[in-house]
């Protein structure tokens, strides 16, 4: 694999952090692949509070289930084209013809259950506006404190809050919103900060200091 930021050094205290050629510390998963490094540096954990943005990330996290995040990130432009830039109002109108179209789209993950879940979740998102909206609901599960992992092994994959969010969304008709997927969503949106202590991104969201 060709990279633009090959790992250069680590320290014993931060064995899961890599110092890049720019002098910045990143976790191993974000240290070598250019696409993942850019995503880590500019998107992951940056607060997202608008409905479309939250719906897109909810949808992509669901598609990621069982796959690598890199696979989903590489396909994101195709996902955006296929799902009307994740506009909930438009996706909520998708019918069987759209499902058939999506199942032949080689640019996305052609999983019928996940495609149907995305449409279901768009309709649930529209319905949720009468009760404050998707973004407000997700952010209402922000915990009182955020993890402070110093190694990859210390990064949690679920929490009491992600479990509660999963239950709340299921009650409102959402699908593919298990506790692990919701924890990943909360990380991506900045609801929690699981950047490793020592990473250059730790505490930069403005939500957690």
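Each value in this text was obtained by applying a stated rule to the coordinates, not by laboratory testing. As the structure is a prediction and not an experimental result, all values here were calculated from the model. Neighbour counts are summed over all protein chains in view; Cβ atoms, including those assigned to glycine, are modelled from backbone coordinates with ideal geometry.
By the helix-only formula, in which each DSSP H run with n ≥ 4 contributes -39500 (n - 2.57) and the sum is divided by residues, the chain has a 222 nm mean residue ellipticity of -13500 deg cm²/dmol.
Extension gain for residue 127 to residue 38 (0.36 nm times residue separation, less C-alpha to C-alpha distance): 28.6 nm. Each residue, residue 76 and residue 90, gets one label point 7 Å from its Cα in the Cβ direction; the gap between the two is 1.8 nm.
If you plug the beta carbon distance of residue 151 and residue 49 into 1/(1 + (r/R0)^6) with R0 = 25 Å, you get a FRET efficiency near 0.25. Taken over the C-alpha atoms, the chain has Rg and Dmax values of 17.7, 56 angstrom. Highest GNM mean-square fluctuation among 151, 68, 31, for the chain modelled with Cα contacts below 10 Å: 68.
Over all directions, average the projected area of the Cα convex hull of the range 80-166 and note it in nm².
It is 7.8 nm².
Comparing 89, 16, 131 in a Gaussian network model of the chain where C-alpha atoms under 10 Å apart are linked, the largest mean-square fluctuation is found at 131. Between 162, 199, 140, the residue with the greatest mean-square fluctuation in the GNM of the chain (Cα pairs under 10 Å linked by springs) is 140. Taking the C-alpha atoms only, the angle from helix 179-189 to the longest principal axis of the chain is near 70 degrees.
Protection proxy ranking, highest mean first, for peptides 178-191, 92-105: 178-191, 92-105, where packing is the per-residue count of other beta-carbon atoms within 10 Å, averaged. The separation of the range 99-132 from the range 148-209, counted between C-alpha centres, amounts to 22 Å.
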